[in-house]
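Novice: Here you go, one structure.
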């Protein structure tokens, strides 16, 4: 232990001189007696390599620009799964330490925490406002989904319950559906770029007409990749409509806002991407029978019309005859009324002398021969006297 | 005076013409008698035409009814 080590000076007469190593060891042991504390600052110059035992970064005071070198064991750092990037504000718990060999002072971190959710929420809110101002969440941008997609792309974690729910939901509603699954990271630092890759991959696959992004619930931090600006823009730019089934009741990741359709759960996502085959078939059957009924009704009507036409066809000539007969009978009646025979039958007679009808007695003289025609028959006679 | 009319319509026209002439009353009695006789001939001619046409129609209708009952013939097989 450094604290237990004796620091010895070399005496040159009255002057006490320390070797560099002894001096450094002395400072180091003194520093080691300081308590562990929390220090707040912004992460800059983060250096992490797989072959290094230690991760380095500089903690910067955003107000004054003051800097503090920080080290942390790589295993420990990776275990925190913080996905830190430059400029992020953190709280670091640790104590000062001197790297004796180089006389470098730095802060030895035992753990790191993000500077609380408030800052994240604020950043998220800013991003949301910015993207909304660009119109990325606008209702008129939303595309409608195909009724029956040829293929469905599904972006999900490799063993996620979300995946199972979506697949089960799709199969139950529409058994012949074809789903292309792209498994990817759904949380952590690599999630956002990996999801973007998965979307591009599915977009390029032939026949994919809709893409579902599904993830079950998770903590606020778990869902952060789904609010990543790069991912949000990738969804907005995607050629294929996207259904987002990521959300939560409380937190709405930005990908839910930019997606064409937002589903509250993975099962709900299945409901929106495929129709219910049973309902579809039933609807089809209803229409088919309506078609049959309609056709039958039309046929019945035509049969009725034909019957009526036949009736009229038959009545036509009879009617014509009837009219002709009426007209003929009218002429016949008038003819009969005018018949001279009818007049004779009433008691009149026609008198002829030398085949001329006699209209005046002055044309006759006693002794003339006359022929008299009656209603029934005729006779001849001699004029006795004229008046 | 006893020539046969070409058609029913011609006979009907002639008959009506005769009736009109007789109604005007300007024909001599001899002419009137002749016209009247001709009218009677025409009337009989027309009457016979109509009667025979009526018979023909009834005959045809009877034959059509016994040949194809229309209700069953045009019903679609379901």
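Throughout, read-outs are computed from the coordinates displayed, never taken from laboratory work. Worth saying up front: this structure is predicted, and the values here are computed from it rather than measured. Positions of Cβ are generated from backbone atoms using ideal geometry, with glycine treated the same way; all protein chains shown enter the neighbour counts.
Novice: When only alpha-carbon atoms are used, what values of Rg and Dmax, in angstrom, describe segment B:8-68?
Specialist: 17.4, 59
Novice: Angle, helix A:277-338 long axis vs. longest principal axis of chain A, Cα atoms, 0 to 90°, nearest 10?
Specialist: Rounded to the nearest ten degrees, it is 10.
Novice: In nm, to one decimal, how far is the modelled label at residue A:68 from the one at residue A:310, with both set 7 Å along Cα→Cβ?
Specialist: The two pseudo-label positions are separated by 10.7 nm.
Novice: Also: To the nearest 10 degrees, how steep is helix A:20-32 against the longest Cα principal axis of chain A, on a 0 to 90 scale?
Specialist: Tilt relative to chain A: about 60 degrees.
Novice: Cα convex hull of segment A:342-382: how many Å³ per residue?
Specialist: 71
Novice: Ignore the peptide's own chain and count Cβ atoms of other chains within 10 Å of each Cβ in A:320-333; give me the average, rounded.
Specialist: So the per-residue partner count for this stretch is 5.
Novice: Then there's this: Please compute the average number of Cβ atoms from other chains found within 10 Å of each residue's Cβ in peptide B:48-59.
Specialist: So the per-residue partner count for this stretch is 3.
Novice: Angle between the Cα long axis of helix A:116-133 and the longest principal axis of chain A, 0 to 90 degrees, nearest 10?
Specialist: Computed tilt is about 40 degrees.
Novice: Give the Cα extents of segment A:72-124 along the principal axes, in whole Å, largest first.
Specialist: 44, 19, 17
Novice: Restricted to Cα positions, what overall size does segment A:138-278 have along the principal axes? Three whole-Å values, descending.
Specialist: Principal-axis extents of the Cα atoms in segment A:138-278, largest first: 40, 28, 26 Å.
Novice: A follow-up question, please. So what's the gap between the Cα centers of segment A:218-295 and segment A:316-343, to the nearest angstrom?
Specialist: Each part's Cα centre sits 87 Å from the other's.
Novice: Find the centroid of the Cα atoms in segment A:10-78 and in segment A:97-165, then give the distance between the two in whole Å.
Specialist: 32
Novice: Peptide A:336-343: average number of partner chain Cβ atoms within 10 Å per residue? Display every interim value, and only then the final one.
Specialist: Values: counts 5, 3, 11, 7, 8, 4, 1, 1.
Whole-number average of other-chain Cβ neighbours for A:336-343 is 5.
Novice: Once the mean 1/r over all distinct Cα pairs of segment A:34-114 is inverted, what Kirkwood radius in angstroms do you read off?
Specialist: 12.7
Novice: Order of A:197, B:31, A:11, A:165 from fewest to most other C-beta atoms within 10 Å?
Specialist: Working: A:197 16, B:31 12, A:11 9, A:165 20.
In order of increasing Cβ crowding within 10 Å: A:11, B:31, A:197, A:165.
Novice: Moving on. What translational diffusion coefficient, to the nearest whole µm²/s, does the protein assembly as shown have by Stokes-Einstein, given a Kirkwood radius computed over alpha-carbon pairs, a temperature of 10 °C and 1.306 mPa s viscosity?
Specialist: In µm²/s, the coefficient rounds to 45.
Novice: Here is a further query. Restricted to Cα positions, what overall size does segment A:86-154 have along the principal axes? Three whole-Å values, descending.
Specialist: Dimensions of segment A:86-154 along the principal axes of its Cα atoms: 70, 31, 19 Å.
Novice: Now for a different question. Could you identify which residue out of A:293, A:265, A:156 has the top mean-square fluctuation in a GNM of chain A using Cα springs shorter than 10 Å?
Specialist: Result: A:293 has the largest fluctuation of those listed.
Novice: Something else about it: Return the distance in nm (one decimal) between the two label points of a simple spin-label model at residue A:299 and residue A:37, each offset 7 Å from Cα along Cα→Cβ.
Specialist: Those two pseudo-labels are separated by 9.7 nm.
Novice: Please state the relative contact order of chain A as a whole percent: Cα pairs under 8 Å, 6+ residues apart?
Specialist: 10
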